[in-house]
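Trainee: Got a structure for you, questions after.
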């Protein structure tokens, strides 16, 4: 009868060759020619069957968390009386049945080993403290090692050597805080006057940047859309028109001021106080017509117009002093009468003064609150800092004829870099600047 056994692969014993690798994949060192030495025999002993059993147990632990021998029958087997109701509902093809998915889904049931110290391990305390260990070493007369692996014994100093021990600075390291507040000095009560230096207090100042709550990117107006609502677009147009009207008024006032300055320069050139009026007119090209006067007539007219004051007598001086004294007395009497009359109205004056003061204080507080609210909501827009003024930002708006009503025909408006730069200035992150045009050869 023919044998039903199939031909198997030749074994290591049949071929007479030793395997170069273990059955579980571990490298083998049994390839040497002789095993005469005991040491070599122990090193190259064949433990493939033991390793195979151990590897099988490790595989069971990775899948189940423990070995199958340690599990109960109830954990290994169960009686199914209902069946799986989802078998028929499953599709023929499922991603979860792929071999790659099954390989990736394999996870070891053994918990991972963490290298960090756990809470339980951190609570463990040393059985013997450092002081007790040093004391027992001194009792046993065992050498103690210090820095650089040197033997030290503070109780006994060897001849010609000093005590090798940690310094006080090293022992107290970590206990001093350089940023801790200085303790208050103790008052010395010795009966004498002691002068203690006052500690300077840091000024409490608020930064402008902390008072501003303007977002980096503000939400655009609804009227700036490519297809905005009619009321929002009209409101944005009115706002842009008001801003442009204000700019035109400022330009007109500036032009008027400049014109006045030019007229003042012309008048100053015409009426120069360092030159006679007639000569100044002649210099401008105008002819001065008038009768010519001789030198004698001019001298006589000058002498007649100039009259010397008369010298007062002693009686006149006394009379003038007496009149001045009477005037001063009458003025003092009138002031005193006015003061006495105002005493009865002191209470009413105090009330009116308090009302005026409270109204002024209320108005001042309203101005401060308005400025704070403007600074919080709008930042530094419109304020002058240094030589330049912080820009308020341009209002981008299109008239009704230019609206595209679709994204395909939309034209880009504005400049993102300029908007971000103005936002940084308004939020007090950078100082206000103006664009500087570079001309080749100007910065040499």
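Trainee: Quick one: in segment 57-91, of everything that is assigned to a loop (DSSP other than H, G, I, E, B) and within 60 Å of the chain's Cα centre (by Cα), which residue is modelled with the lowest pLDDT?
Mentor: Let us first name the residues in segment 57-91 that are assigned to a loop (DSSP other than H, G, I, E, B), namely 65-67, 71-72, 77-91.
If we keep only those that are within 60 Å of the chain's Cα centre (by Cα) too, we end up with 65-67, 86, 89-91.
On the way: 65: 85, 66: 87, 67: 88, 86: 74, 89: 66, 90: 61, 91: 57.
This residue is 91.
Trainee: In the list 366, 293, 361, 326, which residue meets the criterion of being modelled with pLDDT under 90 and on the phi < 0 side of the Ramachandran plot?
Mentor: 293
Trainee: Checking residue 399 against (1) surrounded by fewer than 10 Cβ atoms within 10 Å (Cβ to Cβ); (2) closer than 30 Å to residue 212 by Cα; (3) touching a helix residue (DSSP H, G or I) at 6+ places or on another chain (Cβ under 8 Å), only one condition comes out false. Which one?
Mentor: (2)
Trainee: Step by step: first the residues of segment 410-444, then only those that are surrounded by 10 or more Cβ atoms within 10 Å (Cβ to Cβ) and over 21 Å from the mean Cα position of the chain (by Cα), then the one that is nearest to residue 211 (Cα to Cα). Which residue is that?
Mentor: 433
Trainee: If you check 201, 171, 141, which single one turns out to be out of contact with any helix residue (DSSP H, G or I) (no Cβ under 8 Å at 6 or more places or on another chain), modelled with pLDDT of 75 or more and within 30 Å of residue 427 (Cα to Cα)? Quick ask: steps written out before the conclusion?
Mentor: Values: 171 fails: within 30 Å of residue 427 (Cα to Cα); 141 fails: within 30 Å of residue 427 (Cα to Cα).
Answer to the check: 201.
Trainee: If you check 429, 403, which single one turns out to be assigned to a loop (DSSP other than H, G, I, E, B) and at pLDDT 90 or above? Spell out how you get there, then give the answer.
Mentor: Details: 403 fails: at pLDDT 90 or above.
Of the residues listed, the single one that is assigned to a loop (DSSP other than H, G, I, E, B) and at pLDDT 90 or above is 429.
The values are calculated or read from the model by the stated rules, or taken from the named source; none is laboratory data. Source: prediction; values computed, not measured. Positions of Cβ are generated from backbone atoms using ideal geometry, with glycine treated the same way; all protein chains shown enter the neighbour counts.
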